[in-house]
Structures are given as structure tokens and as C-alpha cells.
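The block underneath contains the structure these notes are about, expressed in C-alpha cells.
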């Protein structure tokens, strides 16, 4: 089953020309395939020579034995024009939820694997790029339109805001992605790492008590232990345990639903603590890399929460940096609202207006 979402957009950065970057010539193909492949769904779209993204569709991964078969199904449905002629892409960029370290790529939470060389040959591609999904997200952030973002504080941000310097990116979801994007040599250079596994620091006594409980369970408590789907459950369970209550066996969605409804005080406190801890980590990222271009929050949790996300609590904690509070207060923060931000990054990588620090482009 393939569902048509019907999203379209520009891969190009509508405001990039207003920044200090001198752009090098773009690389274009008449038609390119882009894909964002997770553990549950395979998302595909096409990019035309003008940089327009269209034909966005989502396919459940369980319907196919592998990535190549899911691409076959998408192309069969999407690449026939009104005259009945099949037009196939000559380039492709695929984002995968897992590490990309060589020709053979193996998914972490899906029994799929593939050879990049074999995939390129099978679909007769002139160019194939396979990248980590968070690297694709980071690469797309500078190219998002103002309507793709929700400002949640900091700086003097106008409707036509365009970043001109280093950007920080956070993505709480199944895990916690952390990255940065730097303007250099006529491109935006995206660099992702494993910042989600850095040690999590407490700011209040209550947080210290929560981390003490979590250390009993996990030993090392990384930021991801609290700032992810499973992290929300960890926070809820630790808070309940501290207050002498027996934690329920909840999933992340239940924690957020009960927090929003107010039906469980520990779920409500967990969501507030999640926002504040995310503010601490985001503020640390901003200080470490001087992200005066802003902090951007994506991933599967915060954008879906929408206005239920405690943005004021996030921002208040973000700015609590002692003597550097005035410095960090000037840094804007945004929630990414684009439904497929990785697509924007993949299209930008293909067009050569974004690059990855790992040297794949």
C-alpha cells in the first residue's frame, strides 16, 4: 500500500542569496529520487530540474522485502506522466536510520540491507548518495522557508529571517540526534555526531534525584536517556518512583497524552522536565559551537506536540547560562514544522548547495 501525501516545495534556499555565502554552481538532474527510510515507513519523492519536490508518498516498510523493492513500487506509481510515458530518475539521495560507513548498509531496526553499488546499478543511476537520516535533516535546515518554522524565542527574528552563520540542530525521536551546519566555501556544510550520548547534567535538585534513579538502571545517563521517546517514559518512571508510586507500563504517546490532559501528575511533570532538559542541552550546544544562526528542533516528538510543547520552559532553561545569558538570549530557536525536512536536505545535497562533513558529496 502506497499513500499519496501530495507535498510540494522548493529544494532551493529562497533566502540563501541574502547571506554572506557565495554560491558555487549547482548540480542538477532532469529528475532525481529522494527517500527517507525509517524503521516503519519508507518516504519517497521526486525532484525536478527546477528544484521542485513533488510526488511525495509513504509506504509501510513491512510491505516489501527490501529497499530496492520499495523503490520499484514507488517508481512504478510515480514516474508515468500524463502521456503514459515512463520517466525514470538519473540521480538519487537516500537517508537511512542508521550508520553509513561503507558500500554495504544495514538497517538497525528493520531486517533490510543493501549494497550502494548494486542499488546504483539496478536503477541505472548516474549518481547515488546514501546518508544518515539526521545528516539529511541537518543539511536541509538552512533551506527551509519561514513557513516551515515556528519561532519560540530569542533574537530579533523577522518573517524573512535567513541564517548567516553556524546553526545547531536537535532531534528528539527514537533517539536524540545532534548536529550543526556551517556556511563554508559557498555551501552549507552539515556535520552530525553522537552528541545525544553525551552525559546529561542536572540543573535542579529534582533533576539530580531523577538522574540518580536513572543511573541505578542504566549506569551512564546520556542525554538520549531522557530526551527521546523512551526517555519520556524514563522520566515519568523515575519521577513516580521518587514519589513512592508504582510506575505504569506506558508508551511515549501515552505519557504525552496523559501530560496534556493532566490526568497524571507524573506524566505532566515528565513533559515539563523533558522541555527544560532539552533547553539545557540546546543551550550547551549553542555555547559550544557559537550557533548564532539559531537552534532548530526537529525529530519525531517536539513537532508533533505542536503548541502542547512547553516552549517557554524550554526557552527559559536555554537562556540560563550565568554570565553568558545575554549572549545566548540573542540566539533564536525554532521548531521545524515541515512534514519532510529530510527531503529538503537530500534535495539540497543533490543540487550541491549543501554538503556533508563526512565527504560523501
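So, in the range 262-277, of the ones that are free of Cβ contacts under 8 Å to residues at least 40 places away in the same chain and within 27 Å of the chain's Cα centre (by Cα), which residue ends up surrounded by the most Cβ atoms within 10 Å (Cβ to Cβ)?
270
Could you tell me which numbered condition residue 88 fails, if it satisfies all but one of (1) more than 24 Å from residue 356 (Cα to Cα); (2) touching a strand residue (DSSP E or B) at 6+ places or on another chain (Cβ under 8 Å); (3) part of a helix (DSSP H, G or I)?
Only one criterion is unmet by residue 88, namely (3).
Consider residue 126 carefully, then state whether it is outside the structural domain of residue 295 (by TED's automatic domain parsing), surrounded by fewer than 14 Cβ atoms within 10 Å (Cβ to Cβ) and in contact with a helix residue (DSSP H, G or I) (Cβ under 8 Å, 6 or more places away or on another chain). Explain how you work it out, then say what you get.
Details: outside the structural domain of residue 295 (by TED's automatic domain parsing): yes; surrounded by fewer than 14 Cβ atoms within 10 Å (Cβ to Cβ): yes; in contact with a helix residue (DSSP H, G or I) (Cβ under 8 Å, 6 or more places away or on another chain): no.
Taking the combined requirement at face value, the residue does not satisfy it.
Can you confirm whether residue 314 is out of contact with any helix residue (DSSP H, G or I) (no Cβ under 7 Å at 6 or more places or on another chain) and either at negative phi or in contact (Cβ under 8 Å) with a residue 24 or more places away in the chain (or both)? Quick ask: steps written out before the conclusion?
Working: out of contact with any helix residue (DSSP H, G or I) (no Cβ under 7 Å at 6 or more places or on another chain): no; either at negative phi or in contact (Cβ under 8 Å) with a residue 24 or more places away in the chain (or both): yes.
No, not satisfied.
So is residue 304 under 26 Å from residue 150 (Cα atoms), exposed (fewer than 15 other Cβ atoms within 10 Å of the Cβ), assigned by TED's automatic domain parsing to the domain that holds residue 174 and out of contact with any helix residue (DSSP H, G or I) (no Cβ under 7 Å at 6 or more places or on another chain) or not?
Criteria met by residue 304.
Could you grab me the full set of residues in the range 329-342 that are surrounded by fewer than 22 Cβ atoms within 10 Å (Cβ to Cβ) and in a helix (DSSP H, G or I)?
329
Output yes when any residue across the range 153-165 is touching a residue at least 60 places away in the same chain (Cβ under 8 Å), in contact with a strand residue (DSSP E or B) (Cβ under 7 Å, 6 or more places away or on another chain) and crowded, with 18+ Cβ neighbours inside 10 Å, and no when none is.
Taking every residue of the range 153-165 in turn, at least one turns out to be touching a residue at least 60 places away in the same chain (Cβ under 8 Å), in contact with a strand residue (DSSP E or B) (Cβ under 7 Å, 6 or more places away or on another chain) and crowded, with 18+ Cβ neighbours inside 10 Å.
Could you grab me the full set of residues in the range 301-328 that are over 13 Å from residue 271 (Cα atoms) and touching a strand residue (DSSP E or B) at 6+ places or on another chain (Cβ under 7 Å)?
303, 315, 318 - these are the residues of the range 301-328 that are over 13 Å from residue 271 (Cα atoms) and touching a strand residue (DSSP E or B) at 6+ places or on another chain (Cβ under 7 Å).
Taking into account only those residues within the range 225-253 that are touching a strand residue (DSSP E or B) at 6+ places or on another chain (Cβ under 9 Å) and part of a loop (DSSP other than H, G, I, E, B), which is farthest from residue 302 (Cα to Cα)?
Checked the range 225-253; the qualifying residue farthest from residue 302 (Cα to Cα) is 226.
Test residue 41 against the stated conditions and say whether it is within 22 Å of the chain's Cα centre (by Cα) and free of Cβ contacts under 8 Å to residues at least 24 places away in the same chain.
Yes: the conditions hold for residue 41.
Among the strands (runs of 3 or more DSSP E) lying completely within the range 99-212, list those that include at least 2 residues that are under 24 Å from residue 286 (Cα atoms). Break it down into steps so the answer makes sense when it comes.
Values: elements: 104-106, 113-115, 127-132, 149-151, 167-172, 176-184, 187-192.
Counting at least 2 such residues, we get 149-151, 167-172, 176-184, 187-192.
Taking into account only those residues within the range 231-261 that are surrounded by 14 or more Cβ atoms within 10 Å (Cβ to Cβ) and out of contact with any helix residue (DSSP H, G or I) (no Cβ under 7 Å at 6 or more places or on another chain), which is farthest from residue 279 (Cα to Cα)?
Applying the filter and picking the extreme gives 248.
Does residue 345 satisfy being part of a loop (DSSP other than H, G, I, E, B) and either at pLDDT below 95 or buried (at least 20 other Cβ atoms within 10 Å of the Cβ) (or both)? Can you show your working first?
Details: part of a loop (DSSP other than H, G, I, E, B): no; either at pLDDT below 95 or buried (at least 20 other Cβ atoms within 10 Å of the Cβ) (or both): yes.
No; evaluated as a whole, the condition is false for this residue.
Of the residues 149, 170, 128, 144, which single one is under 16 Å from residue 346 (Cα atoms) and in contact (Cβ under 8 Å) with a residue 60 or more places away in the chain?
144
Can residue 4 be described as at pLDDT 85 or above and either touching a strand residue (DSSP E or B) at 6+ places or on another chain (Cβ under 7 Å) or loosely packed, with under 14 Cβ neighbours inside 10 Å (or both)?
no
The values are calculated or read from the model by the stated rules, or taken from the named source; none is laboratory data. Since the model is a prediction, treat every value here as computed from it, not as a measurement. We place every Cβ from the backbone using ideal geometry, glycine too, and count neighbours over all the protein chains shown.
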